[in-house]
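The structure appears right after this line, and notes come after that.
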Amino acid sequence: MASGSEPVSDSDELASLVTRCILAFERGGATEVDAELAARPTLAEVAREQLALLRDAGLLVPPQPDPEQIGPYRVIRRLGSGGVGSVFLAEQSTPVRRQVAIKVIRPGMDSREVLARFAVERQTLALLDHPNVARVLDAGTTADGRPYLCMDYVRGQPITQYCDERGLDLGRRVALLANVCDVVQAAHQKGILHRDLKPSNILVSDQGGQPWPTVIDFGVAKSLGPRLLDVTVLTGYGRLVGTLEYMIPEQASNEIDVDTRTDVYALGVVLYELLSGRLPLSSRRLRSASADEFVRILREEDPPAASAAAAAAEDLEQRARQRATSPAALERDLRGELDWVVGKAIEKDRNRRYGMAAEFAADLRCYLRREPVQAGPPTTWYRWRKLVARHRYEALSAAAMLALLLGGFVTSLMFYFDAARKTVASEASLDIALEAVERMVQAGEDRLDIVPRMAGVRRELLAEALELHRRLAATAGGERVQWRTARALAGLARIQAQLGEDAAAMASADEALALVVQ
């Protein structure tokens, strides 16, 4: 890939691999490092060279005991580690006694970019001052000169884990995500984008018997205005920022003018996961894809609707229990408005996405109140345009086939109606017209079946053929028209059933049966 043409580059992948190797070495030594390198053989040699440089510089060391003290805070235990640093649970004794979370940069990670991110997080949290955002309480440097941030210790679980363990039903999950949207909207009103919203950065605890969400980790936040500009320009121009599974399609396209719709997309992915128990796009597939394939998947592949994802899960019964419902009810309750709302939030075309987190929250609450939602099902024309954009050659072939069919039909039908107007009730003319309509029925049932994702087009073609059968029946009548109308209705019923339009399919089948038994 040419440098700068896409945001995912070999250097980004190498940096990610080296980071994973550092963490692996701290966990289990050289054996775990070898396992990481074996998974990416094309980068393994260069990664080994970089790891050797880190080792020679004294920056790659075996697992070390946790510090007992960080500044004035007594360390209780390590909460977690990442590529940039570690987070510890600690205790403050004066001027108040409380537990705090301390984020410390790891040795050797004091680059300009990392320090800029620390500065962003400190300044961002100071600006927000929101009850559902972890506050910065203090900052300083450790005894060996590493920067640290002291923050509120949030006693919570990732939002997905919280909901699953407590068996929250769909309504309570939707209400909780709407409250998270309120927190994100408050950040946006202060001119701050989070840019890394995901379940592990949305912690939920119980307060007063109700779930209380707290948004954490503003380390890659970005200012919508000038206040943080001096540091945010250092934190990712032309590079991936955030977590792959929750990343916006426009970032994969190297569109760096991100806005509030960036966080809306990530919130939509979180809601998809809360409702269906799955991610829209496979985590394993995204993380194992090449740079070009990753970009293509994120930009072009539409995920299944949340209802379809839930229905296809192997552990559907367990997921239904976690949502206090049955498998059939889970799929039914997700289908329709919830699918529409989630689909609008994770729409790849950001101009069709909710513009702000507040709009997203408003639609979620409309759903809870059983009011009409702003989101709606994509129109046939919109789906057709997306289909053509992704499958140009197949669409051109289908269009050519339809043009030939329609052209022949129009010519034949003109002959027939001209004969009918002249009171020349020619059986031959009727046969020609019926044959033309029959070609449309066959195209809807068989010929277009080989073209991917044409079920909607086939349904519309059969519906049009059905209408023409009825016009012929009104003009000429007869058993031949009746039988062929019944066949068109039966084909339409099959397509409607494939599209999940059960009521319409049943009505078409009943009408076909009525014509046959007359």
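The values are calculated or read from the model by the stated rules, or taken from the named source; none is laboratory data. For clarity, every value in this text was computed on a predicted model and none was experimentally measured. Note that each Cβ is placed from the backbone with ideal geometry, even for glycine, and that neighbours are counted across all protein chains shown. Note: areas computed on protein heavy atoms with side chains; ligands, DNA, RNA excluded. Shrake-Rupley method; radii C 1.70, N 1.55, O 1.52, S 1.80 Å.
For the ranges 292-299, 483-490, what's the packing order if you count other beta-carbon atoms within 10 Å of each residue, average per peptide, and put the highest first? Before the final figure, lay out the partial values.
Numbers: 292-299: 16.5, 483-490: 20.6.
Result, highest mean first: 483-490, 292-299.
How would you order 125-132, 153-160 from highest to lowest mean count of nearby Cβ atoms within 10 Å? Show your work: numbers first, answer last.
Working: 125-132: 16.0, 153-160: 19.1.
Per-residue Cβ counts within 10 Å, averaged per peptide and sorted highest first, yield 153-160, 125-132.
Stretch R352-D129 to full length: gain in nm at 0.36 nm per residue minus the Cα-Cα span?
77.1 nm
Tell me, what HN-Hα J-couplings in whole Hz come from the Karplus equation 6.51 cos²θ - 1.76 cosθ + 1.60 at θ = phi - 60° for each residue of segment 185-201, using x for Gly and Pro?
For segment 185-201, the Karplus curve yields 4, 4, 5, 4, 5, 8, x, 10, 9, 6, 6, 8, 6, 6, x, 6, 9 Hz.
I'd like the carbon and sulfur percentage of the solvent accessible area for segment 254-383, probe radius 1.4 Å, heavy atoms only, ligands and nucleic acids excluded.
Values: 2940 of 6190 Å².
Carbon and sulfur atoms account for 47 percent of the accessible area of segment 254-383.
Amide H of D259 versus every other amide H placed in the peptide plane: which residues, excluding those fewer than 5 positions away on the same chain, fall under 5 Å?
none
Given the Cα-Cα distance of M506 and Q161 and 0.36 nm per residue of separation, how much length would full extension add, in nm?
Values: separation 345, 0.36 × 345 = 124.20 nm, distance 4.06 nm.
Once the chain is fully extended between M506 and Q161, it gains 120.1 nm.
Going by amide H atoms built from the backbone, whose H comes under 5 Å of the H on I76, apart from near neighbours?
Amide H neighbours of I76: L89, A90, E91.
Any chance you could look up the accessible area of Y272 with a 1.4 Å probe, heavy atoms only, rounded to 10 Å²?
Counting only protein heavy atoms, the figure is 0 Å².
Using the basic label-point model (7 angstrom from Cα toward the beta carbon), what is the R284 to D259 distance in nanometres?
3.9
What does the charge count near S81 come to, summing +1 for each Lys or Arg and -1 for each Asp or Glu among other residues with Cβ under 14 Å from its Cβ? Show your work: numbers first, answer last.
Working: positive: R20, R27, R77, R78, K103, R106, R146; negative: E26, E32, D66, D217.
That works out to +3.
Which order do the peptides 72-81, 22-31 take when ranked by the mean count of other beta-carbon atoms within 10 Å per residue, highest first?
Details: 72-81: 14.1, 22-31: 15.7.
Per-residue Cβ counts within 10 Å, averaged per peptide and sorted highest first, yield 22-31, 72-81.
Return the whole-Å distance between the Cα centroid of segment 357-378 and the Cα centroid of segment 287-341.
When both Cα centres are located, 19 Å separates them.
Give, as a single signed number, the net charge of other residues whose beta carbon lies under 14 Å from the beta carbon of Y354, with Lys and Arg counted +1 and Asp and Glu -1.
Numbers: positive: R261, K344, K348, R350, R352, R353, R365; negative: D182, D259, D263, E347, D349, E359, D363.
Combined, the nearby Lys, Arg, Asp and Glu give 0.
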